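A.B. asks: Sending over a structure as structure tokens; questions will come in a sec.
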Amino acid sequence: MARTVLFLCTGNYYRSRYAEELFNHLARRAGLDWEATSHALAIERGKDNVGPMARQTIDALTIDGIAPLGASRMPAPCTHDALEASDMVVAVKEAEHRTLLVTRFPGWEDRVTYWHVHDIDVAPPDVALGELKAHVARLVRELAEPPHTSLIAPAMWQLVERHVGHVGYKGGVKSEGLAWDPPVIDCSGWAALLLSSAMQAMNGASRSGVFSASEIAGISTWSDRMIEVIEARTGFILEGDRIDLDSLPRFATIGLRQGGGAWAANHPRPRGITHVVQIVRRPHDDAPFVTESQGWATPSGLRLLPLADWLDISRAWLKSGEAWAVDPFAPSLRRAGVTPTPAKCEDRIN
């Protein structure tokens, strides 16, 4: 049986209904064995609501290319049975719903996940539902993560601690350059080493293997091709100014179109990507960093920057046609029974 996530709002007319419909749409596309439902914590407060579902919710779903399957269902009150039957419960605004849970379902107030999405009296629908869209999409990505994801951060961080600050940059040199004196590596070689080490660690902890040999081998390539290969396998990509702290996958690989002169014609580069960086996380506190091999900043070679700082100094490249981010640890579309059809992030829910 599918596992269940229960979305709660006040009247089960606007926010929670949008979350329910969007989650089910994205979960089906991702091949997840999860299903959403939604209920009201104070259904009597929606006495002036007209019809089964808010017009703003229907309009937002329609813009996303989603035909709401529950458009004719009237709002439903939450019950103890509904809470107990759910594998996960999400209340969409803590300031509004924690008190209702304390009053009506005591003991549940600390057993649910809280978001902070305002009702229509505080925030316009494009803002509130936009925030809900980001929350739901992130939740689906987290639920779709392959097993043994806890091994990703330590596997990559071990390499960061060993090599950052000790290895120089040299174009066209991959991991074999780490054995040179002095050691060197290029940007795609460093990203591929980080990714393949984490993938192999996950495979080592899995009986069946999370990543195939061809999937691991496929990332050992030049920067433009690396982004293309990961996008084709997962169907996920962010472009340009959509790349920010809130939207980036936890361990995103980011490709930049930075020029590079004549050498950049050494491989086919449909997007013109000439530089690639990798997000890593410090295991003890999960703090996000970007690590890259580069030759323009002093000292050259491998460096490590907090993700927020890297985004700030890279802002000039974070625009359409100049930057792309992919999720190398997202599930393969083929394994979910979906024919890979790469799409931009904004097209994934259409």
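A.B. asks: Return yes or no: is residue 70 assigned to a loop (DSSP other than H, G, I, E, B), open to solvent by less than 70 Å² (accessible area, probe 1.4 Å) and in contact (Cβ under 8 Å) with a residue 40 or more places away in the chain?
C.D. replies: Considered against the rule, which asks whether it is assigned to a loop (DSSP other than H, G, I, E, B), open to solvent by less than 70 Å² (accessible area, probe 1.4 Å) and in contact (Cβ under 8 Å) with a residue 40 or more places away in the chain, residue 70 comes out as yes.
A.B. asks: In region 237-266, which residues are of a type in the set (Phe, Trp, Tyr) and modelled with pLDDT of 90 or more?
C.D. replies: Scanning region 237-266 gives a single hit, 251.
A.B. asks: Within region 246-267, work out how many residues are of a type in the set (Gly, Ala, Ser), within 19 Å of residue 286 (Cα to Cα) and in contact with an Asp or Glu (Cβ under 8 Å, 6 or more places away or on another chain).
C.D. replies: 1
A.B. asks: If we keep just the residues of region 219-235 that are part of a helix (DSSP H, G or I) and open to solvent by less than 10 Å² (accessible area, probe 1.4 Å), which is farthest from residue 293 (Cα to Cα)?
C.D. replies: Step by step, filter region 219-235, then rank; the result is 230.
A.B. asks: Give the residues of region 89-124 that are surrounded by fewer than 16 Cβ atoms within 10 Å (Cβ to Cβ) and under 13 Å from residue 39 (Cα atoms), sorted by residue number.
C.D. replies: Passing the criteria: none in range.
A.B. asks: Scan region 121-131 and tell me whether some residue there is of a type outside the set (A, V, I, L, M) and in contact with a helix residue (DSSP H, G or I) (Cβ under 6 Å, 6 or more places away or on another chain).
C.D. replies: Yes, there is a match, as at least one residue in region 121-131 is of a type outside the set (A, V, I, L, M) and in contact with a helix residue (DSSP H, G or I) (Cβ under 6 Å, 6 or more places away or on another chain).
A.B. asks: For residues that are at pLDDT 90 or above and aliphatic (A, V, I, L, M), scanning just region 30-42, find the one that is nearest to residue 234 (Cα to Cα).
C.D. replies: Among them, the one singled out is 36.
A.B. asks: Are there any strands (runs of 3 or more DSSP E) wholly within region 242-340 with 2 or more residues that are among the polar types (S, T, N, Q) and surrounded by 13 or more Cβ atoms within 10 Å (Cβ to Cβ), and if so which?
C.D. replies: Strands (runs of 3 or more DSSP E) meeting the threshold: 288-294.
A.B. asks: Name, by its number, the condition in (1) open to solvent by less than 60 Å² (accessible area, probe 1.4 Å); (2) among the small types (Gly, Ala, Ser); (3) part of a loop (DSSP other than H, G, I, E, B) that does not hold for residue 191.
C.D. replies: (3)
A.B. asks: Of these, 144, 153, 191, 213, which one is more than 30 Å from residue 296 (Cβ to Cβ) and in contact (Cβ under 8 Å) with a residue 12 or more places away in the chain?
C.D. replies: That would be 144, the only listed residue that is more than 30 Å from residue 296 (Cβ to Cβ) and in contact (Cβ under 8 Å) with a residue 12 or more places away in the chain.
A.B. asks: Right, next: Answer yes if at least one residue in region 76-88 is among the charged types (D, E, K, R), open to solvent by 20 Å² or more (accessible area, probe 1.4 Å), in a helix (DSSP H, G or I) and more than 20 Å from residue 130 (Cα to Cα), and no otherwise.
C.D. replies: The answer is yes; a qualifying residue exists.
A.B. asks: Taking the options 161, 145, 176, name whichever one is charged (D, E, K, R), under 30 Å from residue 292 (Cβ atoms) and not in a helix (DSSP H, G or I).
C.D. replies: Only one candidate qualifies: 145.
A.B. asks: Here is a follow-up. Is at least one residue of region 254-275 more than 14 Å from residue 324 (Cβ to Cβ), without any contact (Cβ under 8 Å) to a residue 40 or more places away in the chain, in contact with a Gly (Cβ under 7 Å, 6 or more places away or on another chain) and not aromatic (Phe, Trp, Tyr)?
C.D. replies: Looking through region 254-275, none of the residues is more than 14 Å from residue 324 (Cβ to Cβ), without any contact (Cβ under 8 Å) to a residue 40 or more places away in the chain, in contact with a Gly (Cβ under 7 Å, 6 or more places away or on another chain) and not aromatic (Phe, Trp, Tyr).
A.B. asks: Looking only at region 4-56, which residues are crowded, with 21+ Cβ neighbours inside 10 Å, of a type outside the set (A, V, I, L, M, F, W, C) and not in a helix (DSSP H, G or I)?
C.D. replies: Of everything in region 4-56, those that are crowded, with 21+ Cβ neighbours inside 10 Å, of a type outside the set (A, V, I, L, M, F, W, C) and not in a helix (DSSP H, G or I) turn out to be 10, 11, 12, 13, 14, 38, 39.
The values are calculated or read from the model by the stated rules, or taken from the named source; none is laboratory data. Nothing here was measured: the structure is a model prediction, and the numbers come from that model. Cβ: placed from backbone, ideal geometry, glycine included. Neighbour counts: every protein chain shown. Ligands, DNA and RNA are stripped out before the accessible areas are found, and what is left, the full protein with its side chains, is counted by its heavy atoms. Shrake-Rupley method; radii C 1.70, N 1.55, O 1.52, S 1.80 Å.
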